[in-house]
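As structure tokens, the structure follows; a few thoughts come after it.
The values are calculated or read from the model by the stated rules, or taken from the named source; none is laboratory data. Computed from a predicted model, the values in this text were never measured in an experiment. Every residue, glycine among them, receives a Cβ derived from its backbone with ideal geometry; neighbour counts consider all protein chains shown. Protein only, heavy atoms only, side chains kept; ligands, DNA and RNA dropped before computing areas. Shrake-Rupley method; radii C 1.70, N 1.55, O 1.52, S 1.80 Å.
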Amino acid sequence: MKNIALLGATGSIGMNTVAVVTAYPELFQIESLTFHSNSEKGADLIKMLKPKYVGVGTEQMKKEFTTRFPEIEFGVGEEGLIKAATLESVDVVLTAVTGSVGLNPTLAAIKAKKDIALANKETLVMAGQWVMEEARKNEVRILPVDSEHSAIFQCLDGQKSDNLKELVITASGGSFRDLTREELKTVTLEEALNHPNWSMGRKITVDSSTMMNKGLEVIEAHWLFGTDYDKIKVVLHKESIVHSMIVLKDGAYLAQLGPSDMREPIQYALTYPNRLPIQDEKAFDLTEISQLNFKPMDFERFPMLELAYIVGEKGGAFPTVYNAANEIAANAFIDGKISYLQIEEFVQKAIWNYTETKEVTLEEVIAIDKQTRTIVERWIKEEGLL
């Protein structure tokens with residue numbers, strides 16, 4: 001029996017994880033879980049999974065849930081996340097929270113020698129150097145849950161590191177992949193959330209449309225696989241059937257293919273190196289696929305992707321600024337405070353206004369993350385919808 005801490009249980013990744021766990025109750029148990037504000041869905045999960053510990057978003061929620069479920073211990077905020085991730089009985093922590101909130105619980109879990117099934121890109125974007133060092137020091141495995149990184153992880157399995165020529169991350173192109181820059185000026189939130197291939201949360205779907213999500217994946221891949229940025233390529237692949245590839249130095253391509261079903265990478269992270277059938281798996285037949293298309297990425301069309309390579313090469317806190325500015329700007333677009341193209345404008349402005357004169361510490365990176373959010377929030381209030 002593998003005991004799991006599920007951080008971000010009510011989101012898309014969290015609910016897919018619940019589907020995997022409940023398909024194999026003899027193998028998996030949700031020992032602890034967290035959710036921020038979806039109390040109705042959270043209550044349903046508590047009734048279904050009967051965890052020992054639950055982290056919630058506010059003190060008021062804790063009070064209400066303690067009354068409803070007196071046999072369960074509850075915590076609040078970051079403290080609740082950390083407690084859920086470090087319970088002695090937990091074997092693996094699946095981090096499915098969105099944003100920088102995932103960093104400290106993940107680090108705490110690593111120090112507590114818990115394996116990590118990582119679905120929170122921002123943890124490595126902000127602090128890849130320190131997270132990977134702690135994982136090595138504590139002999140902890142970091143197993144990727146993102147479909148692209150899981151695909152690369154699977155393709156690399158059994159390969160010698162010096163065989164690798166480059167990593168190839170595929171991108172669907174998101175909701176606006178066929179629109180010009182001019183046409184993007186008037187797009188709506190509803191249109192942004194209409195992803196052609198995947199069902200995801202609102203913020204990650206917006207990030208997919210700006211290609212910010214792919215930029216974060218490039219930085220994450222750099223840390224996960226110890227690969228230089230000039231050996232990480234992104235290609236446009238509208239079908240989302242090839243989840244990613246590797247190229248070996250003799251020119252051979254190894255690709256991982258499958259349906260758009262997040263249960264597969266989640267389950268593989270929880271069962272690695274073994275595999276199990278996916279319950280009620282999605283239909284997938286290569287003979288019914290007429291063609292697979294791949295195109296080079298256009299950095300002029302998707303400037304957020306080009307910016308990811310720039311901040312990744314700069315290192316230090318530049319990726320932190322990139323991520324923090326986007327979190328504020330993307331959520332401001334979702335809340336109707338700014339237009340779609342202003343997301344890019346605020347992220348670019350944050351990068352060009354940031355300077356770094358010395359090597360930063362983890363503590364400084366966390367402080368810079370908070371400072372960036374405050375600055376971008378102020379800019380949005382000052383400028384708003386232009």
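Checking the conditions here, which among 247, 311 is in contact (Cβ under 8 Å) with a residue 60 or more places away in the chain and in contact with a Pro (Cβ under 7 Å, 6 or more places away or on another chain)? Quick ask: steps written out before the conclusion?
Working: 247 fails: in contact with a Pro (Cβ under 7 Å, 6 or more places away or on another chain).
Within the list 247, 311, the selection yields 311.
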Practice task
Looking for whichever is farther than 15 Å from residue 207 by Cβ, charged (D, E, K, R) and more than 22 Å from the chain's Cα centre (by Cα) here; the options are 314, 358. Which one fits?
Solution key: 358
Problem - Criterion violated by residue 178 - all others in (1) in a loop (DSSP other than H, G, I, E, B); (2) within 18 Å of the chain's Cα centre (by Cα) satisfied - result: (2)
Handout entry: Lone qualifier among 361, 372, 355 - being open to solvent by less than 20 Å² (accessible area, probe 1.4 Å) and either farther than 18 Å from residue 208 by Cβ or of a type in the set (D, E, K, R) (or both)
Key = 372
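Residue 46: part of a helix (DSSP H, G or I), touching a helix residue (DSSP H, G or I) at 6+ places or on another chain (Cβ under 6 Å) and buried (at least 16 other Cβ atoms within 10 Å of the Cβ), yes or no?
Numbers: part of a helix (DSSP H, G or I): yes; touching a helix residue (DSSP H, G or I) at 6+ places or on another chain (Cβ under 6 Å): no; buried (at least 16 other Cβ atoms within 10 Å of the Cβ): yes.
Against the criterion (part of a helix (DSSP H, G or I), touching a helix residue (DSSP H, G or I) at 6+ places or on another chain (Cβ under 6 Å) and buried (at least 16 other Cβ atoms within 10 Å of the Cβ)), residue 46 does not qualify.
For the stretch 164-172, does any single residue satisfy the condition of being over 19 Å from residue 302 (Cα atoms) and of a type outside the set (D, E, K, R)?
The first filter runs over the stretch 164-172 and keeps only residues over 19 Å from residue 302 (Cα atoms), leaving 164-167.
Going one step further and asking which of them are of a type outside the set (D, E, K, R), we end up with 164, 167.
Looking for residues that are over 19 Å from residue 302 (Cα atoms) and of a type outside the set (D, E, K, R), one finds at least one in the stretch 164-172, hence yes.
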Fill in the blank from the handout: Scanning the stretch 165-175 residue by residue, those of a type outside the set (Val, Ile, Thr) and in contact with a Ser or Thr (Cβ under 7 Å, 6 or more places away or on another chain) turn out to be 167, 172, 174, 175
Completion exercise
Residue pairs qualifying under the 8 Å Cβ cut-off, at least six apart or on distinct chains, with the first in the stretch 271-284 being closer than 15 Å to residue 117 by Cβ and the second being among the acidic types (Asp, Glu) and loosely packed, with under 13 Cβ neighbours inside 10 Å, are 273/157
Handout entry: Subset of the stretch 266-292 (residues that are farther than 23 Å from residue 21 by Cβ and β-branched (Val, Ile, Thr))
Key = 287, 289
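Assess whether residue 345 counts as being in a helix (DSSP H, G or I), open to solvent by 60 Å² or more (accessible area, probe 1.4 Å) and closer than 19 Å to residue 311 by Cα.
On the way: in a helix (DSSP H, G or I): yes; open to solvent by 60 Å² or more (accessible area, probe 1.4 Å): yes; closer than 19 Å to residue 311 by Cα: yes.
Yes; evaluated as a whole, the condition is true for this residue.
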Handout entry: Residues that are within 27 Å of the chain's Cα centre (by Cα) and either under 10 Å from residue 34 (Cβ atoms) or open to solvent by less than 50 Å² (accessible area, probe 1.4 Å) (or both), drawn from the stretch 54-74
Key = 54, 55, 56, 57, 61, 74
Fill in the blank from the handout: Within the stretch 75-93, residues open to solvent by 10 Å² or more (accessible area, probe 1.4 Å), part of a loop (DSSP other than H, G, I, E, B) and in contact (Cβ under 8 Å) with a residue 60 or more places away in the chain come out as 87, 89, 91
Handout entry: Failed item in (1) touching an Asp or Glu at 6+ places or on another chain (Cβ under 8 Å); (2) within 18 Å of residue 206 (Cα to Cα), with residue 320 passing the rest
Key = (2)
Handout entry: Pair list, Cβ < 6 Å and 6+ apart or interchain, from the stretch 6-28 residues that are in contact (Cβ under 8 Å) with a residue 40 or more places away in the chain to residues that are open to solvent by less than 10 Å² (accessible area, probe 1.4 Å) and hydroxyl-bearing (Ser, Thr, Tyr)
Key = 6/17; 7/34; 7/95
Exercise for the section: Just one of (1) among the small types (Gly, Ala, Ser); (2) within 23 Å of residue 280 (Cα to Cα); (3) within 21 Å of the chain's Cα centre (by Cα) trips up residue 23, so point out which. Expected result: (3)
Practice task
Could you please let me know if residue 242 is modelled with pLDDT of 95 or more and touching a Ser or Thr at 6+ places or on another chain (Cβ under 6 Å)?
Solution key: yes
Exercise for the section: Being modelled with pLDDT of 95 or more and over 17 Å from residue 100 (Cα atoms) is the filter here, so list the residues in the stretch 356-386 that pass it. Expected result: 360, 378, 379, 380
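Given the residues 6, 81, which is the only one that is farther than 17 Å from residue 143 by Cα and under 18 Å from the mean Cα position of the chain (by Cα)?
81
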Problem - Total residues in the stretch 136-165, condition within 19 Å of residue 216 (Cβ to Cβ) and either among the hydrophobic types (A, V, I, L, M, F, W, C) or out of contact with any His (no Cβ under 8 Å at 6 or more places or on another chain) (or both) - result: 9
Practice task
Keeping to the stretch 376-386, report how many residues are open to solvent by 10 Å² or more (accessible area, probe 1.4 Å) and within 24 Å of the chain's Cα centre (by Cα).
Solution key: 1
Completion exercise
Checked the stretch 219-253 for anything among the acidic types (Asp, Glu), open to solvent by 40 Å² or more (accessible area, probe 1.4 Å) and under 30 Å from residue 316 (Cβ atoms); matches are 228, 230
